[in-house]
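Trainee: Questions regarding the structure given below will be posed in turn.
Read-outs throughout are calculated quantities, based only on the coordinates presented, and are distinct from any laboratory measurement. If you're wondering where the values come from, they're calculated on a predicted model, not measured in any experiment. When we count neighbours, we look across all protein chains shown, and the Cβ atoms used for this are built from the backbone with ideal geometry, even at glycine.
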Amino acid sequence: MGNLMRTEWYKLKKDRSFRFLTWMLLAAAVLFPLIEFDNGAAGLPAVKDYYRESILGPHANIVKLIPSILAGFFITSEYSMGTMKSIVSSGKSRLQVYSAKLIVFSIGAVIISLLLPIVMTGASAVYFGFDSMPGITYYFQTIGLIILYAAAFASIMAIFSILFTDSGKTIGFLLMFFIFADWPLQMLAAKVPVFEPILNHSVFKLIYDISIVDSLKRGDMVFLVVIPILTFLLFWVIGVFIFQRKEIK
């Protein structure tokens, strides 16, 4: 398992899509606050407000969409190149192969998901001033939750990545799925009341509560932490089940 993890980590570091996405997000994190607000202009926002509204506000889409691109290249492309067949034929169990790939892919998704909250916060502090930074407790709570939800969504992406054998199909499907998933789920909850509490306590809904973690009750906070962990474990098991029965050519 250790050798598999090191191999997957090496492949992630060398993956061109991972490098491209990383550099793209780094550039956006540094340049976007500067472009949005002319440095030195009147009415510059406080960093804590900018972090809550402009960084965390739209960040759910980053967590769900950008790693979807990585999933297509890092996981699915190995089917078309024949790499997956070689790995499975190496003597390692499919449980070990899938687990190593999921863990390393989740790490990649976490790295991608943390770039904006960390780098953009630092950049905005340089541009706007360090006088009004986010509270240290609030900041680390949101960072910790982003890590959990990035891993949870990565476990969902990994399943679809092993179902398809073409990178383009995987990326296209995942992007469409995560873009439009909220609307049909809300419609289903409205039509089937029994489904509403399931949706309200799913990662698809709870991810939007990260920015208001400082105002949540203790019970809601427990759900916010536990649900992504359970989601990751559940889809890990489902992914292993599918991968063990998948024919790899």
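Trainee: Fully extended, how many nm does the chain gain between V225 and D49 (0.36 nm per residue separation, minus their Cα-Cα distance)?
Mentor: Details: separation 176, 0.36 × 176 = 63.36 nm, distance 2.35 nm.
Once the chain is fully extended between V225 and D49, it gains 61.0 nm.
Trainee: Would you be so kind as to identify which of L188, L230, Y149 lies farthest towards the positive end of the dipole of the range 2-245, taking Lys and Arg as +1 and Asp and Glu as -1 on Cβ and the Cα centre as origin?
Mentor: Of the options given, the answer is L230.
Trainee: In deg cm²/dmol and to the nearest 500, what is the mean residue ellipticity at 222 nm of the chain if only DSSP H runs of at least 4 residues count, each as -39500 (n - 2.57), divided by the residue total?
Mentor: Dividing the helical sum by the residues of the chain leaves -23000 deg cm²/dmol.
Trainee: Across the range 2-245, how many lysine pairs, 8 or more positions apart or on different chains, have C-alpha atoms separated by under 19 Å? Please give the number.
Mentor: Step by step, the pairs that qualify in the range 2-245 add up to 12.
Trainee: With only alpha-carbon atoms counted, please give the Rg and Dmax of the range 100-220, in Å.
Mentor: Final numbers for Rg and Dmax: 17.2, 51 Å.
Trainee: Pulled fully out, how much extra length does the chain show between I143 and I238, if you take 0.36 nm times their separation in residues and subtract their Cα-Cα distance?
Mentor: 31.5 nm
Trainee: Here's a follow-up. So what's the angle, to the nearest 10 degrees on a 0 to 90 scale, between helix 218-245 and the longest Cα principal axis of the chain?
Mentor: Taking Cα atoms only, the helix is inclined about 20 degrees.
Trainee: Grab the other residues whose beta carbon is less than 14 angstrom from that of L224, score K and R as +1, D and E as -1, and report the net. Mind showing how you got there, number by number?
Mentor: Details: positive: K205, K217, R218; negative: D209, D214, D220.
Within the 14 Å Cβ shell, the charges total 0.
Trainee: Could you give the dipole magnitude of the chain about its Cα centre, charging the beta-carbon of Lys and Arg +1 and that of Asp and Glu -1, in debye to the nearest 20?
Mentor: On the way: 21 positive and 15 negative charges, 249 e Å.
Using only the charged Cβ atoms, the result is roughly 1200 debye.
Trainee: Evaluate Rg over Rh across the chain, taking Cα atoms for both radii and Kirkwood's formula for Rh. Could the numbers behind the result be given before it?
Mentor: Details: Rg = 19.4 Å, Rh = 19.3 Å.
When Rh is taken as the Kirkwood radius, the ratio is 1.00.
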